[in-house]
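**Student:** Could you have a look at this structure, given as structure tokens, before my questions?
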């Protein structure tokens, strides 16, 4: 009798455990972002454009994109099957175009939801001196928290720098002051970075 009760308890535990695992798996699936577009960030540019249809992301086949836009010459970007896999995994993909006229261009691709989440929307105007495609996003949550933070500002560049903003400096930004900071060294150089609160649109 005792053995049967113990066995029954074991079955109950096993079934309950299975339900728990399934519930956790469902929660994990719900946490995965829903991608609906491919976002592009350009480095220094003079009128080039490319469009990456979301259908290409879903197909995940190697693809060549020829720039269009206002420029009088063309460049080509190539996206590989491995690049699509990285995008699907939530990783950024940085590409360099073919060279034309002695120069090339760089872009960064990201798979993204239809609307950017709040922590990917900056509330500051950021200027990077001698910019070679770096990006720094300061969301409202960072401005509200006012705690020390270190930002990776790689953007489209093949190298990165870090910019530290202290709690006291966030206070200054919130009050409308303009910060002038120096990024860490990377690729044998650094950058001056200016950060100020963006003006609200009327």
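**Student:** Using only Cα positions of segment 37-112, each an equal point scatterer, no hydration layer, compute I(q)/I(0) via Debye at q = 0.16, 0.18 Å⁻¹ and quote the log10 values to two decimals.
**Tutor:** Computed log10 I(q)/I(0) values: -0.54, -0.68.
**Student:** Among 67, 80, rank each residue by its count of other Cβ atoms within 10 Å, from fewest to most, as a rough exposure measure.
**Tutor:** 80, 67
**Student:** Determine the distance separating the Cα centre of segment 78-108 from the Cα centre of segment 51-75; give it in Å without decimals.
**Tutor:** Here the two parts' Cα centres lie 10 Å apart.
**Student:** According to the square roots a ≥ b ≥ c of the eigenvalues of the Cα gyration tensor, what is the shape class of segment 118-197, taking rounded for a/c under 1.5, prolate for a/b larger than b/c otherwise, and oblate for the remainder? Intermediate values should be presented prior to the final figure.
**Tutor:** Working: a/c = 1.91, a/b = 1.64, b/c = 1.17.
Prolate, because a/c is 1.5 or more and a/b exceeds b/c.
**Student:** Please compute the contact order of segment 32-128 in relative form: average sequence separation of alpha-carbon pairs under 8 Å and at least six residues apart, divided by the residue count, as a percent.
**Tutor:** 32
**Student:** Let's test the formula: R0 of 41 Å, r as the Cβ-Cβ distance of residue 148 and residue 59. What FRET efficiency results, to the nearest 0.05? Walk me through the intermediate numbers first.
**Tutor:** Numbers: r = 44 Å, r/R0 = 1.06.
That pair, residue 148 with residue 59, gives E of 0.40.
**Student:** Among 70, 86, 201, 58, which comes first, then next, by fewest other beta-carbon atoms within 10 Å?
**Tutor:** Listing 70, 86, 201, 58 from fewest to most nearby Cβ atoms yields 201, 70, 58, 86.
**Student:** Give the order of 108, 64, 149 when sorted by the count of other beta carbons within 10 angstrom, beginning with the fewest.
**Tutor:** 64, 149, 108
**Student:** On to the next question. Considering Cα pairs under 8 angstrom that are at least six residues apart, work out the relative contact order of segment 118-197 and quote it in whole percent.
**Tutor:** Averaging sequence separation for qualifying contacts and normalising by length gives 30 percent for segment 118-197.
**Student:** Let me ask another. Hey, for a label at residue 167 modelled as a point 7 Å past Cα toward Cβ, could you say which residues of segment 135-156 have their backbone N under 12 Å away?
**Tutor:** Answer for segment 135-156: 145-149.
**Student:** Additional query: May I ask you to derive the FRET efficiency for residue 116 and residue 51 from their Cβ-Cβ distance with R0 = 22 Å, giving the value to the nearest 0.05?
**Tutor:** Here the calculated transfer efficiency is 0.75.
**Student:** Would you mind getting me the FRET efficiency between residue 125 and residue 96? Use the beta-carbon distance for r and R0 = 22 Å, nearest 0.05.
**Tutor:** 0.20
**Student:** Classify segment 85-131 from the C-alpha gyration tensor, please: rounded if a/c falls under 1.5, else prolate or oblate depending on whether a/b exceeds b/c.
**Tutor:** Oblate is the answer for segment 85-131, as a/c is 1.5 or above yet b/c matches or exceeds a/b.
Bear in mind these aren't lab numbers, they're just calculated from the coordinates by the rules spelled out. It should be emphasised that the depicted structure is a prediction, and the values quoted were computed from it without experimental measurement. Neighbour counts are summed over all protein chains in view; Cβ atoms, including those assigned to glycine, are modelled from backbone coordinates with ideal geometry.
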